[in-house]
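Quick notes on the structure that follows.
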Number of protein chains: 2
Amino acid sequence: MNEEIAAKCLSELGSPTRLSVFRLLVKAGPDGMVVGDIQRRLQIPASTLSHHIARLSWTGLVEQRRQGRQLHCSTRPGIMDDLITFLTAECCTGFDTADYADTTAA
Amino acid sequence: MNEEIAAKCLSELGSPTRLSVFRLLVKAGPDGMVVGDIQRRLQIPASTLSHHIARLSWTGLVEQRRQGRQLHCSTRPGIMDDLITFLTAECCTGFDTADYADTTAA
DNA sequence: ACTATATTTCTAGAAATATCGAAATATTAG
DNA sequence: CTAATATTTCGATATTTCTAGAAATATAGT
C-alpha cells in the first residue's frame, strides 16, 4: 500500500453506491454474494451495478469467481486492513484534539 | 460519522492531489501550513490548489484560519480517527485471510 | 440446437470534476 | 492612497464519471 494505491482505493470507496456494495460484501463474509442478489438487494439496474463492481475489481477491493451462471463477489481479504493501516500511519496526526487551535471560540 | 459522510470523506481523499495535501498537513501537525508553502512544496498552480483546499474544507477534513495575509490550513482534529473507526467497524470483515477461498491457486 | 437465466459490454447523454490563466479580493506596509 | 503580497474567484476547456437501456456473451438444461 502506498499513496497512489491508497488514493485509488479511497476514490473507489468514495462513491456511495460502491461503498454500499462493498459494505454489503463485508457483511456477507468470505462466501460473498452473487451479483444478482446484490442487485435485488440494492435495487440498482444490472448494467450500472456491473459497472461499479468492475471498478471495485480493477482496484482490487473485490474479487469475483464464477460458479456456473453466477458470479460470486467478495471483498479481497486484507485490502481493507492494508488501507486502514496506511491511513492510521500516514494520515493520522497522533496529536490530541486539545493540541489544536480552537477555531470555534468566539 | 455515517455511510454518507464516510463516502464524502473517502471521495475527497481519493484525489491524489488532495491526499498529498492532506498528508502534508498531517505531518505539519496542529500548526498546519500556509497555503503558499503548500503550493511551493507541491508545485501546484495557486488556483488549482485553492480549489482542492476548498473542497477539503467543505468536507470538514481541513480547517483554515487567517493570520494576516496568510491562510493557515490544518487537518481537522478527530475527523480521520472518526473515519478510521467507521471503516474498521463497518468495512472490515473480522474474518481471517485464511477463511477466504484461495482464488490464486491453479 | 434452442431456451432461459446471469452478467457484461456497448453506447451515449448528463452531470461532476480537474486544470489553470486572468482578474478580483483581502491584508499589510509605507 | 498606492504598492506589494497572499489567496480566491471567475471563466473556459478537457476529462472523467454516472446512469441505464439495448445488445452481446456465458452457462446450464432439455
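Cross-link reach is defined here as a Cα-Cα straight distance under 22 Å, omitting same-chain residues fewer than 8 places apart; for A:Lys27 the lysines meeting it are B:Lys8. Placing +1 on the Cβ of every Lys and Arg and -1 on the Cβ of every Asp and Glu, with no other charges, gives region A:3-88 a dipole of roughly 460 debye about its Cα centre.
Ordered from largest to smallest accessible area (heavy atoms of protein chains, 1.4 Å probe), the residues A:Ser47, B:Ser50 come out as A:Ser47, B:Ser50. Hey, can you list the residues from region A:16-37 whose accessible area shrinks by 40 Å² or more with all protein chains present, relative to the chain by itself (probe 1.4 Å, no ligands or nucleic acids)? Listed by number, the residues meeting the 40 Å² cut-off are A:Leu19, A:Arg23, A:Val26, A:Pro30.
Using the 1.4 Å probe convention, the accessible area of region B:3-89 works out to 48 Å² per residue with neighbouring protein chains retained. Taking the accessible area of region A:3-88, probe 1.4 Å, and keeping the other protein chains in place, the carbon and sulfur fraction comes to 47%. Between chain A and chain B, roughly 3400 Å² of accessible surface gets buried, counting both sides and using a 1.4 Å probe. Residues whose amide H comes within less than 5 Å of that of A:Leu71, counting only those at least five positions distant or on another chain, are A:Val35, A:Gly36 (H built at 1.01 Å from N in the peptide plane). Annotation: A:Asp37 carries an accessible surface of approximately 70 Å², with a 1.4 Å probe and no ligand, DNA or RNA atoms counted.
Entry note, chain B: relative contact order of 29 percent, from Cα contacts under 8 Å with a spacing of 6+ residues.
Convex hull of alpha carbon positions in the protein assembly as shown: directionally averaged projected area 13.8 nm². For B:Glu90, the distances from its label point to the matching points in the remaining copies are 2.4 nm, ordered from shortest, with each point set 7 Å beyond Cα toward Cβ. If R0 equals 22 Å, the separation of the Cβ atoms of A:Gln70 and A:Ser50 corresponds to a calculated FRET efficiency of about 0.95.
Starting from the eigenvalues of the Cα gyration tensor, five times each then square-rooted, give me the equivalent ellipsoid semi-axes of region A:3-88, largest first, whole Å.
On the way: eigenvalues 94, 38, 24 Å².
Largest first, region A:3-88 gives 22, 14, 11 Å.
Note on surface exposure: A:Ile38, A:Ile44 rank A:Ile44, A:Ile38 by accessible area, highest first, 1.4 Å probe. For A:Gly78, the distances from its label point to the matching points in the remaining copies are 3.6 nm, ordered from shortest, with each point set 7 Å beyond Cα toward Cβ.
The values are calculated or read from the model by the stated rules, or taken from the named source; none is laboratory data. Worth saying up front: this structure is predicted, and the values here are computed from it rather than measured. All Cβ positions, even for glycine, are placed from backbone atoms using ideal geometry, and neighbour counts span all protein chains on display. Side chains included, ligands, DNA and RNA excluded: accessible areas come from the protein's heavy atoms. Shrake-Rupley method; radii C 1.70, N 1.55, O 1.52, S 1.80 Å.
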